[in-house]
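Working notes, structure below.
Each reported figure results from applying straightforward, stated rules to the coordinates on display, with no laboratory input. If you're wondering where the values come from, they're calculated on a predicted model, not measured in any experiment. Here the Cβ positions follow ideal geometry from the backbone for every residue, glycine too, while neighbour counts run over all protein chains shown.
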């Protein structure tokens with residue numbers, strides 16, 4: 001039963017606690033503990049809530065409605081417009097110093113901020129201001145945290161006077177291949193060839209051990225696909241991906257970029273007309289897809305939608321096993337035949353190095369208000385993704401990150417680069433994220449950073 005928040009924590013009565021689901025016999029003791037924890041803090045709502053947490057007044061077995069009653073009553077007078085969301089969790093000073101930002105602030109704060117630096121919490125706003133006003137200094141620090149290999153270093157972080165580009169030019173003069181950056185061992189992240197790059201499980205195999213792919217195995221497979229692409233396409237060609245975010249999808253994505261081609265992301269839920277529109281807008285030369293989609297124990301056609309939506313060459317990957325469940329039309333080819341084109345070529349592959357603002361990926365707006373709008377991604381975008389998740393999600397080496405998504409939506413590339421550039425492992429569930437199987441995978445894979453959406 002829902003309980004209405006009071007104007008202050010002091011106004012909570014036994015009837016409110018009972019309405020929130022606590023037994024009448026426990027209400028008096030709970031109220032006494034609550035008032036003991038919050039009584040001396042007056043109008044300091046954050047301190048009062050911190051005291052509630054520290055005293056263990058609310059327990060995991062208490063009804064969720066009770067947690068809400070206390071939280072919203074404590075923060076009833078909180079000005080969200082001026083102060084932001086009211087804090088719920090208060091990390092310890094030790095926890096703060098062990099985060100990515102906390103560690104960097106402890107190392108650099110005294111030198112950069114002088115006597116004004118106190119600790120990661122007290123000095124956070126000051127350090128944030130410094131990062132905005134001193135971009136050259138801040139970004140040089142962050143770039144050392146990510147696995148970014150510049151073949152040619154940028155002449156500066158930001159060329160603000162560059163009037164040819166709104167907002168200036170970031171990393172002017174830099175040359176790199178961002179896919180290669182994802183595939184290299186990186187000593188400062190303790191990332192070696194034997195490190196686990198991807199952990200995954202197929203739907204229906206929920207009681208089997210999770211599968212693992214090492215960094216070396218990932219790099220080898222990406223290079224094989226890049227070699228095969230070279231036999232069919234010219235540098236700069238746009239190649240679409242329309243399939244679930246599986247290991248093969250990730251391999252193809254990185255291979256396209258490694259080879260100097262451009263990914264066109266198309267969500268696997270789209271109807272033929274929507275597929276065709278995106279292929280036309282992006283001027284895609286080919287599309288990599290699956291024969292079917294396996295979700296919730298059911299098989300849904302995908303290749304048939306692709307065939308109806310575009311006449312471009314399709315490379316078709318089997319959803320399960322090694323054999324296709326469909327017959328490719330004339331001009332299309334199976335995954336097996338595609339990979340055979342790399343036979344006889346070197347097992348190694350020389351990445352195509354380009355400027356930092358070179359195009360690598362074309363994403364699209366949803367198209368709900370008209371024709372979908374192309375959204376270009378350059379090599380700068382993955383760097384920003386890696387830096388943002390390093391700072392705001394605290395993604396670290398040895399983390400295991402999982403976010404059910406798709407390479408046709410922006411979260412797919414964000415998740416991929418956020419893991420690989422920070423030395424973390426990418427976790428993929430080949431199936432529906434709506435059931436027990438996905439939850440068990442999260443548990444078995446030991447996912448440490450989980451993303452979701454409200455509908456899940």
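A few comments on the model shown:
- Helices (runs of 4 or more DSSP H) completely within segment 373-454 that count 2 or more residues being touching a helix residue (DSSP H, G or I) at 6+ places or on another chain (Cβ under 6 Å), in contact (Cβ under 8 Å) with a residue 24 or more places away in the chain and crowded, with 22+ Cβ neighbours inside 10 Å: 380-392, 411-421
- The listed residue being crowded, with 17+ Cβ neighbours inside 10 Å, within 18 Å of the chain's Cα centre (by Cα) and within 25 Å of residue 429 (Cβ to Cβ), out of 245, 213: 245
- Within segment 184-207, restricting attention to residues that are assigned to a loop (DSSP other than H, G, I, E, B) and touching a strand residue (DSSP E or B) at 6+ places or on another chain (Cβ under 7 Å), the residue that is nearest to residue 435 (Cα to Cα) is 203.
- Test: residue 370 is closer than 22 Å to residue 232 by Cα, assigned to a loop (DSSP other than H, G, I, E, B) and free of Cβ contacts under 8 Å to residues at least 12 places away in the same chain: no
- Residue list for segment 413-423, restricted to those being over 16 Å from residue 217 (Cα atoms) and in contact with a strand residue (DSSP E or B) (Cβ under 7 Å, 6 or more places away or on another chain): 413, 415, 416, 418, 419
- Entry remark, segment 76-101: residues being in contact (Cβ under 8 Å) with a residue 60 or more places away in the chain and either within 18 Å of residue 58 (Cβ to Cβ) or over 24 Å from the mean Cα position of the chain (by Cα) (or both) number 2 in total.
- Identity of the residue in segment 36-62, surrounded by 12 or more Cβ atoms within 10 Å (Cβ to Cβ) and over 26 Å from residue 84 (Cα atoms), that ends up nearest to the chain's Cα centre (by Cα): 62
- Summed over segment 265-291, the residues that are outside any loop (DSSP other than H, G, I, E, B) and more than 19 Å from residue 250 (Cα to Cα) give a count of 11.
- Scanning segment 53-65 for residues that are closer than 20 Å to residue 7 by Cβ and in contact (Cβ under 8 Å) with a residue 40 or more places away in the chain yields one hit, 65.
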